[in-house]
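FYI, it's all coordinate maths here, none of it is from the lab. This structure is a prediction, so every number in the text was calculated from the model and none was measured. Note that each Cβ is placed from the backbone with ideal geometry, even for glycine, and that neighbours are counted across all protein chains shown.
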Amino acid sequence: MQTTSHRVYKPTQAYISATWAALAIGVIGYLVGLWNANILLNEKGYYLAIFILAMFSAVTLQKTVRDKQEGLPTTTVFVGMCWAAFFSSIALLGIGLFNADMFLSEKGFYGMAFILSLFAIITVQKNIRDLTNDDGTTLSSAYPGVANSLDVALETTDIVGE
């Protein structure tokens, strides 16, 4: 297996934090809006299922496109399924919102929170991939604030282990 060597620039800590913040704002906004929506429970389930499908398909698509770009083996069928799931989730949300009995401002809110979350999850995945070494280990700087938590957890384990 031959891999293509690409020069990967490491994202800055400010950029990493901004992408995590955008992801949190988008996901929390969408879910809080869905929780507070005055719609039937089956409609809430529909919008939640579409959201989960979109987030998963976006991460999977980003990974497969990046694998292909770096020369790692990917099957055409899997890449096609990723694209189909990604566009299906967007189409299903669009069709659902078009046919929904909601104010236009609510429809816009769900659409914008959805798109923000998609952009952010793709960018977070890209940052994590950029900070992953050849051994498959991701640097702790990919997760803002986690490095300090891990140090505390390790210290606690040392104390409990004694």
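Identify all lysines with a Cα-Cα distance to Lys126 below 27 Å; exclude those on the same chain that are fewer than 8 residues away in sequence.
Counting by Cα, and skipping residues close in sequence, Lys126 has these lysines nearby: Lys10, Lys63, Lys68.
Each residue of region 34-47 in order: what ³J(HN,Hα) in whole Hz does its phi give by Karplus 6.51 cos²θ - 1.76 cosθ + 1.60, θ = phi - 60°, with x for Gly and Pro?
5, 4, 8, 5, 8, 10, 5, 4, 5, 5, 4, x, 4, 5
Apply 1/(1 + (r/R0)^6) to the Cβ-Cβ distance of Thr75 and Glu106, taking R0 = 41 Å, and write down the FRET efficiency to the nearest 0.05.
With a Förster radius of 41 Å, E is 0.55.
Cβ neighbours within 10 Å, averaged per peptide: list 69-76, 112-119 in order, most packed at the top.
Numbers: 69-76: 11.8, 112-119: 18.8.
Highest mean packing first, the order is 112-119, 69-76.
So if each residue of separation counts as 0.36 nm, and I subtract the Cα-Cα distance between Asn36 and Arg129, what length gain in nm does that give?
Details: separation 93, 0.36 × 93 = 33.48 nm, distance 3.50 nm.
Here the answer is 30.0 nm.
Give the average over all directions of the projected area of the C-alpha convex hull of region 13-130, one decimal, in nm².
7.8
Hey, what do the phi angles of region 85-99 turn into as Karplus ³J(HN,Hα) couplings, whole Hz, using 6.51/-1.76/1.60 and θ = phi - 60°, x for Gly and Pro?
5, 4, 6, 5, 5, 5, 5, 5, 5, x, 5, x, 5, 4, 8
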